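Single-structure report; data block below.
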Amino acid sequence: MKVLLKISSALIVLSLCGFFVLPALHVEVIVAYTITSISASLTFIAFCYFILKEDIPAKYLYGLLAIGILFRLVFLFVHPVGSPDYYRYVWDGKVQANGVNPYAYAPNDPALSSLHSDLIPRLVTYPDMRTIYPPLSEMLFYVAYRIDGESFLGIKSLILIFDLLTIFGLFLTLRRLKLEPKYVLLYALCPLPIIQFFLDGHVDGFGFTFLIFAIYFYLGNRKALAYIFVGLSMLIKPLALIVVPVLFFIEKGTVNKLKAAAIPVVLVALFYLPYTFTGHPFQALMTFTENWTFNGVVFDILDSFIRDNQRARTVCAILLAAAYLPVILSRKGLLTKIYLSIFLLFIFSPIVHPWYIGWLAVLLPLVPRPSGIAYVGLSSLTAFTILTYQQTGVWKDYTPVLILEYTPVIMLFLWEMFRRNRHFAPR
């Protein structure tokens with residue numbers, strides 16, 4: 001078994017190296033990106049199985065951890081391939097550096113023409129929309145712009161700092177739970193964060209840091225600090241809001257419940273408040289939640305029958321609530337509730353980009369469920385959409401991809417729910 005562990009980890013390394021080797025063999029960069037993402041992620045599924053089964057010597061553990069960090073450093077200097085989102089981050093940072101509320105104007109607004117350059121906002125996606133990102137993300141965009149201007153290195157440098165803190169936070173949490181440190185490799189050597197954050201520069205990783213430390217503080221009975229960190233995670237991405245009801249119902253007593261709900265929500269409101277006087281911080285978010293779709297299995301099935309975007313979304317929201325309420329009202333442990341809440345959110349969401357699933361990837365060291373491992377690995381199949389889009393200009397879901405991605409994930413999830421021993425490790 002140890003031999004298979006070494007083989008699987010070596011294959012992950014070779015797959016990630018393929019991104020640099022294949023273009024040298026005259027393979028198109030986006031094709032190399034697709035091959036690398038899928039091959040490394042599928043190998044990762046096997047790697048997780050062996051990690052869970054085997055004892056890992058400290059020397060081997062820290063060697064693999066060093067490799068994971070090394071790939072983060074290497075991809076740090078590579079121009080994003082699968083997504084142009086970082087141009088929006090740069091634009092928002094530049095706008096703020098010039099004293100403008102990022103929620104006040106769309107990038108192509110003539111009022112900001114003096115800030116235009118050869119890169120931005122020409123390469124910003126949806127330049128007619130105001131920014132969608134929450135205030136703490138916007139503050140980090142400003143810092144990134146101050147670090148390195150219109151280069152992607154500013155934002156990626158911050159991602160590196162936060163991700164190293166996340167790994168450190170996972171080590172601390174595993175120790176608090178009296179679990180083996182080997183589980184940290186389920187995140188540290190996972191191809192999804194390496195590719196989505198250090199190659200493509202997505203910023204969800206900022207939120208992971210706050211979420212993991214929120215869990216760490218909560219388990220250490222420093223609950224007020226935990227609630228603050230949940231709020232900070234929400235200020236990176238609203239997705240973290242789904243954790244608040246978990247904390248509310250797990251607490252005992254009215255006062256404690258109110259603290260669990262009020263502290264993160266009030267913190268978020270305080271951050272947003274200054275922007276509301278001169279801008280429209282929720283306009284783009286509402287447009288996004290009402291119209292965008294991608295890789296949402298339940299939504300796609302419903303929409304194929306209903307053929308009405310808004311009605312299909314409403315039914316998805318009802319189904320999510322019906323699945324979510326039993327989870328947060330159950331006697332399951334904190335970690336299991338957080339995992340299930342995020343998992344169900346993605347299953348019923350109309351839009352599930354692969355970097356969103358990073359919110360599950362970061363929980364794998366604490367809740368190493370087969371369904372989450374499969375979801376994190378198989379989400380790489382959506383790279384076919386990116387490949388097609390960059391080659392043809394057409395963005396579309398592929399039904400075979402949805403089937404291959406979600407069938408194993410849902411089957412494993414149902415298997416977990418109906419078997420007695422539902423966890424490999426912590427609850």
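The values are calculated or read from the model by the stated rules, or taken from the named source; none is laboratory data. Everything numeric in this text was worked out from a predicted model, so none of it was measured. Here the Cβ positions follow ideal geometry from the backbone for every residue, glycine too, while neighbour counts run over all protein chains shown.
A few remarks follow.
- Residue match in the stretch 129-145 (condition: over 30 Å from Leu334 (Cβ atoms), assigned to a loop (DSSP other than H, G, I, E, B) and under 21 Å from the mean Cα position of the chain (by Cα)): yes
- Residue in the stretch 166-192 that is surrounded by the fewest Cβ atoms within 10 Å (Cβ to Cβ), counting only those that are farther than 21 Å from Phe50 by Cβ and without any contact (Cβ under 8 Å) to a residue 60 or more places away in the chain: Lys178
- Residue in the stretch 62-81 that is surrounded by fewer than 16 Cβ atoms within 10 Å (Cβ to Cβ) and over 23 Å from Val376 (Cβ atoms) present: yes
- Lone qualifier among Ser349, Ser330, Ser341 - being among the small types (Gly, Ala, Ser) and either without any contact (Cβ under 8 Å) to a residue 40 or more places away in the chain or surrounded by fewer than 13 Cβ atoms within 10 Å (Cβ to Cβ) (or both): Ser330
- Hits in the stretch 377-401 (condition: in a helix (DSSP H, G or I) and more than 18 Å from Ile357 (Cβ to Cβ)): Leu387, Thr388, Tyr389, Gln390, Gln391, Thr392, Thr399, Pro400
- Per the conditions (1) farther than 24 Å from Tyr218 by Cβ; (2) of a type outside the set (Ser, Thr, Tyr); (3) surrounded by fewer than 19 Cβ atoms within 10 Å (Cβ to Cβ); (4) modelled with pLDDT of 95 or more, the sole criterion not satisfied by Leu325 is (1).
- Filter result (within 15 Å of Thr209 (Cβ to Cβ) and of a type in the set (Ser, Thr, Tyr)) within the stretch 129-187: Ser137, Ser157, Thr166, Thr173, Tyr187
- Those helices (runs of 4 or more DSSP H) of the stretch 12-126 in which 1 or more residues are farther than 27 Å from Val401 by Cα, in contact with a Leu (Cβ under 6 Å, 6 or more places away or on another chain) and modelled with pLDDT of 95 or more occupy 58-76, 85-97.
- For the stretch 297-309, the criterion of a residue being surrounded by 16 or more Cβ atoms within 10 Å (Cβ to Cβ), at pLDDT below 95 and basic (Lys, Arg) is satisfied by no position.
- Selection from the stretch 244-282 of residues that are surrounded by fewer than 16 Cβ atoms within 10 Å (Cβ to Cβ) and among the small types (Gly, Ala, Ser): Gly253, Ala262, Ala269
- Screening Val367 with (1) modelled with pLDDT under 95; (2) part of a loop (DSSP other than H, G, I, E, B); (3) of a type in the set (A, V, I, L, M); (4) closer than 30 Å to Thr209 by Cα gives one miss only, at (1).
- Within the stretch 412-427, residues that are outside any helix (DSSP H, G or I) have Cβ atoms under 6 Å from residues that are of a type in the set (S, T, N, Q) and at pLDDT 50 or above in these pairs: Arg427/Thr336, counting only partners at least 6 apart in sequence or on another chain.
- Taken together, Ser157, Ser117 contain a single residue that is of a type in the set (S, T, N, Q) and surrounded by 15 or more Cβ atoms within 10 Å (Cβ to Cβ), which is Ser157.
- Of all residues in the stretch 41-59 being surrounded by 16 or more Cβ atoms within 10 Å (Cβ to Cβ) and within 20 Å of Phe168 (Cβ to Cβ), the one that is farthest from the chain's Cα centre (by Cα): Ile56
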